[in-house]
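The values are calculated or read from the model by the stated rules, or taken from the named source; none is laboratory data. All values reported here derive from a predicted model rather than from experimental measurement. Here the Cβ positions follow ideal geometry from the backbone for every residue, glycine too, while neighbour counts run over all protein chains shown. Keep in mind that these areas ignore ligands, DNA and RNA; they rest on the heavy atoms of the full protein, side chains included. Shrake-Rupley method; radii C 1.70, N 1.55, O 1.52, S 1.80 Å.
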Amino acid sequence: MNVEATVNGYYEQILKRNAGEPEFHQAVAEVLDSLKYVLSKDQHYAEFGLIERMTEPERQIIFRVPWIDDAGNVQVNRGFRVQFNSALGPYKGGLRFHPSVNLGIIKFLGFEQIFKNSLTGLPIGGGKGGSDFDPKGKSNREIMAFCQSFMTELHRHIGQFRDVPAGDIGVGGREIGYLFGQYRRLVNQHESGVLTGKGLNWGGSLVRTEATGYGTVYFTQEMMGAHGERLDGTKVIVSGSGNVAIYAAEKAQELGATVVAMSDSSGYVYTPEGVDIELLKDIKEVRRERISVYAKETDHVKYVHGGNIWEVEADVALPCATQNELDGESARLLADNGCRYVAEGANMPCTAEAVEVFRKRKVHFAPGKAANAGGVATSALEMQQNASRDSWSFEYTDKRLRDIMRNIFKACDRTAAEYDKPEDYVVGANIAGFRKVADAMLAQGVI
């Protein structure tokens, strides 16, 4: 078999069948590039249309979401749920509410979720959903009205044994609460396991709020440890200032690092003495204000409007904002300034060019499907607690999360070495995630 021609053929088919979806194309291209090494050794993975089936969602749902704003006007948004692959378990993946959401974005996120969920070692498939609704600037009543309308349609397609959504950008505890309340009303039962990220007094899990950010740092800690280094004493950049970024910064500083910069879409703050996490939580999670407010309320902090956070000197970079936020030029800036480790806290925040720069400049790089898997892993732990009507302590759940992230790193490291790509955690993550799903799909037949 001509592996190069075979993989190129898969990709050409993807481009033809999924026109106008560049993020999805990018995610598939990255995985296919890794699969060249698999197909060279294990050609049975090219049989039974396996890769064609894996890159085609099992189900794509698009629906209208009408709601009434505070002025009495009818607004109409578009809702999505892409149920990508259920070979390992029920579809699992977040809901994103943001104006940029479209089918291609949701497909890219859902495709990544397949391999991320596989890497956790837990029995969950891959899916993703959301809407082009923007919660920013909306009243609580408007957000409730939207969430209730969104769930009125979505509830037909989800369930604890079918599809279990969670939060993502624009969907936090408030939105999950409104969504769950409407689901409970519609199905007339308290099915705790249908959504994760719930409130602690009605089925939620300790550590779930912190999990993605903590998990990214735990993975980084493992990656650094494999090269004889520690987070303690390092300077860290964390892009973004949402849930993932806040808790990545919190855990990095707990482990002895200094977070020297954080950002939002308006600019970044330079914090050479570290971040006051409690103040940042108040500004971003309670008051829901811009990060520039943090600079106004803190000494020894500089705010750079519209600046490039990657120009700040640091040992470790954790991009935790959104897809394709870190390009090739920024990757070169990081490398020139002495950055040695990059771990993705967001979904595909580094462009393909940036990843290639990291390879060439010997910057150790952890892809999001491995480094930010802590969120979905703890969502699955929440599902376990719901199924057993149990509630675990923070310490126990955090230990489970640390163990999962350690095992993910080991799987990536071991698999990369197995395919003669030592320390290439992109290849390791893609292949380790792929093989588990692929073996399950082959065992279950052509469906």
For this session: With respect to G233, determine if the residue is open to solvent by 10 Å² or more (accessible area, probe 1.4 Å) and touching a residue at least 24 places away in the same chain (Cβ under 8 Å).
Result: yes
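Every residue, every condition in (1) open to solvent by less than 40 Å² (accessible area, probe 1.4 Å); (2) in contact with a Cys (Cβ under 6 Å, 6 or more places away or on another chain); (3) outside the structural domain of S118 (by the TED database); (4) on the phi < 0 side of the Ramachandran plot, yes or no:
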{"site": "Y10", "(1), (2), (3), (4)": "yes, no, yes, yes"}
{"site": "V31", "(1), (2), (3), (4)": "yes, no, yes, yes"}
{"site": "K41", "(1), (2), (3), (4)": "no, no, yes, yes"}
{"site": "F48", "(1), (2), (3), (4)": "no, no, yes, no"}
{"site": "F63", "(1), (2), (3), (4)": "yes, no, no, yes"}
{"site": "D70", "(1), (2), (3), (4)": "no, no, no, yes"}
{"site": "V74", "(1), (2), (3), (4)": "no, no, no, yes"}
{"site": "R81", "(1), (2), (3), (4)": "yes, no, no, yes"}
{"site": "A87", "(1), (2), (3), (4)": "yes, no, no, yes"}
Problem set entry | Selection from segment 52-61 of residues that are touching a strand residue (DSSP E or B) at 6+ places or on another chain (Cβ under 7 Å) and open to solvent by less than 20 Å² (accessible area, probe 1.4 Å) | M54, P57, I61
Exercise. For segment 311-322, how many residues are at pLDDT 95 or above, surrounded by fewer than 22 Cβ atoms within 10 Å (Cβ to Cβ) and in a loop (DSSP other than H, G, I, E, B)?
Worked result: 2
Exercise. Would you pick out the residues in segment 91-122 that are more than 25 Å from F133 (Cβ to Cβ) and either touching a His at 6+ places or on another chain (Cβ under 8 Å) or open to solvent by 10 Å² or more (accessible area, probe 1.4 Å) (or both)?
Worked result: L119, T120, G121, L122
For this session: Please list, ordered by first then second residue, the pairs with beta carbon atoms under 7 Å, 6 or more apart or interchain, first in segment 122-141 and within 16 Å of G159 (Cβ to Cβ) and aliphatic (A, V, I, L, M), second at pLDDT below 95 and open to solvent by less than 10 Å² (accessible area, probe 1.4 Å).
Result: none
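Per-residue answers, yes or no, for (1) among the small types (G, A, S); (2) closer than 30 Å to R208 by Cα; (3) surrounded by fewer than 24 Cβ atoms within 10 Å (Cβ to Cβ):
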{"site": "N324", "(1), (2), (3)": "no, yes, yes"}
{"site": "R332", "(1), (2), (3)": "no, no, yes"}
{"site": "A346", "(1), (2), (3)": "yes, yes, no"}
{"site": "A370", "(1), (2), (3)": "yes, yes, no"}
Exercise. For segment 148-174, which residues satisfy the criterion of being in contact with a strand residue (DSSP E or B) (Cβ under 9 Å, 6 or more places away or on another chain) and farther than 25 Å from N85 by Cβ?
Worked result: Q148, S149, T152
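Report yes if K36 is loosely packed, with under 13 Cβ neighbours inside 10 Å and either at pLDDT below 95 or outside the structural domain of Q83 (by the TED database) (or both), otherwise no.
The answer is no for K36.
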For this session: Kindly indicate whether K410 is closer than 22 Å to D163 by Cα and either open to solvent by 20 Å² or more (accessible area, probe 1.4 Å) or of a type in the set (G, A, S) (or both).
Result: no
For this session: May I ask you to verify whether A211 is crowded, with 22+ Cβ neighbours inside 10 Å, in contact with a strand residue (DSSP E or B) (Cβ under 7 Å, 6 or more places away or on another chain) and aliphatic (A, V, I, L, M)?
Result: no
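Condition check ((1) assigned to a helix (DSSP H, G or I); (2) free of Cβ contacts under 8 Å to residues at least 12 places away in the same chain; (3) touching a Ser or Thr at 6+ places or on another chain (Cβ under 6 Å)) across all residues:
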residue: A370; (1), (2), (3): yes, no, no
residue: A377; (1), (2), (3): yes, no, yes
residue: A380; (1), (2), (3): yes, no, no
residue: M383; (1), (2), (3): yes, no, no
residue: D390; (1), (2), (3): no, yes, no
residue: D398; (1), (2), (3): yes, no, no
residue: R402; (1), (2), (3): yes, no, no
For this session: Answer yes or no: is there a residue in segment 152-162 that is among the hydroxyl-bearing types (S, T, Y), closer than 19 Å to A71 by Cβ and in the same structural domain as V101 (by the TED database).
Result: no
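Considering only residues that are acidic (D, E) and touching a residue at least 40 places away in the same chain (Cβ under 8 Å), which ones fall in segment 335-363?
E344
When you look at E4, is it surrounded by fewer than 19 Cβ atoms within 10 Å (Cβ to Cβ), over 21 Å from I106 (Cβ atoms) and touching a helix residue (DSSP H, G or I) at 6+ places or on another chain (Cβ under 8 Å), yes or no?
It is true that E4 is surrounded by fewer than 19 Cβ atoms within 10 Å (Cβ to Cβ), over 21 Å from I106 (Cβ atoms) and touching a helix residue (DSSP H, G or I) at 6+ places or on another chain (Cβ under 8 Å).
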For this session: Keeping to segment 356-368, report how many residues are of a type outside the set (D, E), surrounded by fewer than 21 Cβ atoms within 10 Å (Cβ to Cβ) and part of a helix (DSSP H, G or I).
Result: 2
